[in-house]
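Read the structure below first, then the notes.
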Amino acid sequence: MFELRDIRFRSVEKGDLKLLHKWENDFELMMYSRSKPLNFVSMEQIERQYDEWMKQDKDIRFIVELVGMNEPIGLAVIRGQKWGNVKGADLGTYIGKKDL
């Protein structure tokens with residue numbers, strides 16, 4: 001876990017999966033956060049994805065919280081990439097709490 005000003009990044013935990021399932025199946029949220037808004041997922045798929053995330057070390061996922069709220073507001077992922085000898089990464093984020 002780490003904090004940058006008012007934002008906390010912590011590990012995704014099994015208890016977060018119901019909320020991730022809700023966010024991943026929100027058409028409006030997915031429309032603005034990725035190019036596949038019609039890619040709905042079941043709870044079983046989310047659980048399988050979580051198990052895969054725990055096995056690999058290429059990507060790092062975080063639950064995003066506001067410091068002081070201690071309530072998830074979004075998801076962030078750092079995706080490791082390698083092209084030959086060049087290593088890089090990209091960052092993906094979305095805020096699931098629409099009022100924020």
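So what is the calculated 222 nm ellipticity per residue for the chain, using -39500 (n - 2.57) for each DSSP H run with n of 4 or more, over all residues, to the nearest 500 deg cm²/dmol?
Roughly -8000 deg cm²/dmol at 222 nm, from the helical runs in the chain.
Pulled fully out, how much extra length does the chain show between Glu71 and Phe2, if you take 0.36 nm times their separation in residues and subtract their Cα-Cα distance?
The Glu71-Phe2 span can extend by a further 23.3 nm.
What's the magnitude of the charge dipole for segment 2-95 around its Cα centre, counting Lys and Arg as +1 and Asp and Glu as -1 at the beta-carbon? Answer in Debye, nearest 20.
So the dipole magnitude of segment 2-95 works out to roughly 360 debye.
Within segment 10-100, list the chymotrypsin sites (Phe, Trp or Tyr not before Pro) lying in a DSSP loop whose Cβ has at most 14 other Cβ atoms in a 10 Å radius.
Passing both the DSSP loop test and the Cβ count: Phe40.
Counting only other residues whose beta carbon sits under 12 Å from that of Glu52, what net charge do I get with K and R as +1, D and E as -1? Working shown, then result.
Values: positive: Arg48, Lys55, Lys58, Arg61; negative: Glu47, Asp51, Asp57, Asp59.
Around Glu52, the surrounding residues sum to 0.
Around Ile63, with a cut-off of 14 angstrom between Cβ atoms, what is the net charge of the other residues, counting Lys and Arg +1 and Asp and Glu -1?
Net charge in that neighbourhood comes out at +1.
Exactly which trypsin sites (Lys or Arg not before Pro) in segment 29-100 are in a DSSP loop and have at most 15 other Cβ atoms within 10 Å?
Values: sites: Arg34, Arg48, Lys55, Lys58, Arg61, Arg79, Lys82, Lys87, Lys97, Lys98; in loops: Arg34, Lys58, Lys97, Lys98.
For trypsin sites (Lys or Arg not before Pro) across segment 29-100 that sit outside H, G, I, E and B with at most 15 neighbouring Cβ atoms in 10 Å, the list reads Arg34, Lys58, Lys97, Lys98.
For the chain, I need the span (max minus min coordinate) of the C-alpha atoms along each principal axis, in Å, sorted largest to smallest.
42, 34, 25
Would you calculate the separation in nanometres between label points at Glu47 and Lys14, each defined as 7 Å from the Cα along the Cα-to-beta-carbon direction?
Label at Glu47, label at Lys14, 1.0 nm between them.
Read-outs: derived from the displayed coordinates by stated rules, not from any lab. A quick note: this is a predicted structure, and the numbers were derived from the prediction, not measured. Ideal geometry is used to build each Cβ from the backbone, glycine not excepted, and the neighbour counts take in all protein chains shown.
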